[in-house]
Amino acid sequence: MAVPFYRHALSPDYAVRVASVLGSAFLTTGPEGARVEDLLRDFFRVPHAKLTSSWTQGAVATLLALGIGPGDEVIVPAMTFAATANVVRLVGATPVFVDSDPNTLLIDLALAAAAVTERTRAIIPVHLYGQMVDIPALRAAIPSSIRIIEDAAHCFEGSRNGRRPGQDGDAAIFSFYATKNVTCGEGGAVVTRDPNLARTLVQTVLHGMSAGAAQRFQGGTYNHWDIDRLGTKANLPDLLAVLLAPQIEQVEVQCARREALSRRYEAALAGTPFTWPALEPGVVSARHLFPIHVPDGRRDDMLRALGEARIGTTVNYRSVPTLTLYRDVPEASSLPVAQEWGEGTLSLPLFPELRIDEQDEVIETVLAQASAFWPKPALRTATGR
Ligand SMILES: *Cc1c(COP(=O)(O)O)cnc(C)c1O
């Protein structure tokens, strides 16, 4: 039986919602988006939320709003999707890569603190696979002038000690890309407690214009606008925003399903040579992905075997400074944890609609490979258990 890596849960019923937008005056950003922004403010318990066309555009708009650009440094983890570093380069600033904690794979806070220079303006901690970075601990470890922009692309539903993304950082940015826990195909959002950032973001998501479409026609007559700072084009059209509200209302139910499936994988793979990131006390993970580490240089063999068995897999992620664009950064050779994880990891199918018989097929295939690659006596040596 073939098992896909991911299957989305948007039924044809959503077509009715899209049709309602087509019947309204707003093809682009309008009242549907505003309704979703209200839901985001409630869910994350923050005063400001802005929908964006992607995580990437939301991050570019945020960096522009904070005035971060050439000459500035922004600290990012090496173990993340490349977009986390790309956005820093897109605004002309320099990403500085930091290694991960070997147990959680989250950015190592002591190494992050050690990477601070007088040019550091911001840090982008990534809530990798759905586990939040300890933002209050990060805040305490670095100078207070450094902005904390949370990459929450994996962490819509997650929390740490009851605190959600955006509640302790300067901003948290989400992705609603096709494979994310909440999706409208392409999209994102920025949430923030900072009223100045929120005000400036309204401009930087819309070319830098001082007045959005609604304000330009306020009072029935045309009002002139100005541009006094550079912006990008990052707003989300209502045609896509209309897909989000029902998912946000159902998100805890879907996440409980991800949690149950993740625990089934953990129980089935205990005692094999495979390992996975540990969750820390107080963490509720959004369980975005289920990555495992395959030891002894067998990861690519395993990818091939799973592919031949028609089981969907991906690699999340190779260490960013091993990619050609970033190969020459000075810190590239001193990121051993990200390097090792990036060479050993692969992700197994995990999504709320994954059926138990499908998951069993994945588990059986993975266990069969484990006994093929590591016959019993060697298996014990490899695990050390
Ligand atoms: C998906 C992802 C992004 C980029 O999101 P887009 O909405 O595709 O721009 C950024 N960071 C991480 C960790 C991601 O997984």
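The values are calculated or read from the model by the stated rules, or taken from the named source; none is laboratory data. Computed from a predicted model, the values in this text were never measured in an experiment. As a convention, Cβ positions derive from the backbone with ideal geometry for all residues, glycine included, and neighbour counts pool all protein chains shown. All accessible areas refer to the heavy atoms of the entire protein, side chains included, with ligands and DNA or RNA removed. Shrake-Rupley method; radii C 1.70, N 1.55, O 1.52, S 1.80 Å.
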Quiz item: Which angle from 0 to 90°, rounded to the nearest 10, does the C-alpha axis of helix 31-44 make with the longest principal axis of the chain?
Solution: 50 degrees
Quiz item: When the chain is treated as a GNM, springs tying every alpha-carbon pair under 10 Å, which of Ala172, Ala286, Ala110 comes out with the largest mean-square fluctuation?
Solution: Ala110
Quiz item: Counting only protein heavy atoms, what percent of the accessible surface of the chain is carbon or sulfur at a 1.4 Å probe?
Solution: 55 percent
Exercise. Give the relative contact order (percent, whole number) for the stretch 251-373; include only Cα pairs under 8 Å separated by 6+ residues.
Key: 32 percent
Exercise. Please sort 62-71, 45-54 by packing, taking for each peptide the average over its residues of neighbouring beta carbons within 10 angstrom, highest first.
Key: 45-54, 62-71
Quiz item: How large are Rg and Dmax for the chain when only the alpha carbon atoms are used, in Å?
Solution: 21.7, 81
Quiz item: For Val283, which sequence-distant residues (separation of 5 or more, or a different chain) have an amide H within less than 5 Å of its own amide H, given hydrogens modelled in the peptide plane?
Solution: Asn161
Quiz item: Equivalent-ellipsoid semi-axes (√(5λ), Cα gyration tensor) for the stretch 19-100, whole Å, largest first?
Solution: 31, 15, 12
Self-check item: the stretch 14-249: relative contact order as a whole-number percent, Cα under 8 Å and 6+ apart
Solution: 27 percent
Quiz item: If you take the C-alpha gyration tensor of the stretch 251-373, multiply each eigenvalue by 5 and take the square root, what semi-axes do you get, largest first, in whole Å?
Solution: 26, 19, 13
Exercise. At 1.4 Å probe size, with every protein chain present, just tell me what the per residue accessible area of the chain comes to in Å².
Key: 43 Å²
Quiz item: Under the Kirkwood approximation for Rh and a Cα-based Rg, what ratio Rg/Rh is obtained for the stretch 4-159?
Solution: 1.03
Exercise. Just the number, please: percent antiparallel of the DSSP beta bridges in the chain, rounded to the nearest 5.
Key: 60 percent
Quiz item: Where does the chain land at 222 nm, in deg cm²/dmol rounded to the nearest 500, when only DSSP H runs of n ≥ 4 count, each adding -39500 (n - 2.57), divided by all residues?
Solution: -10500 deg cm²/dmol
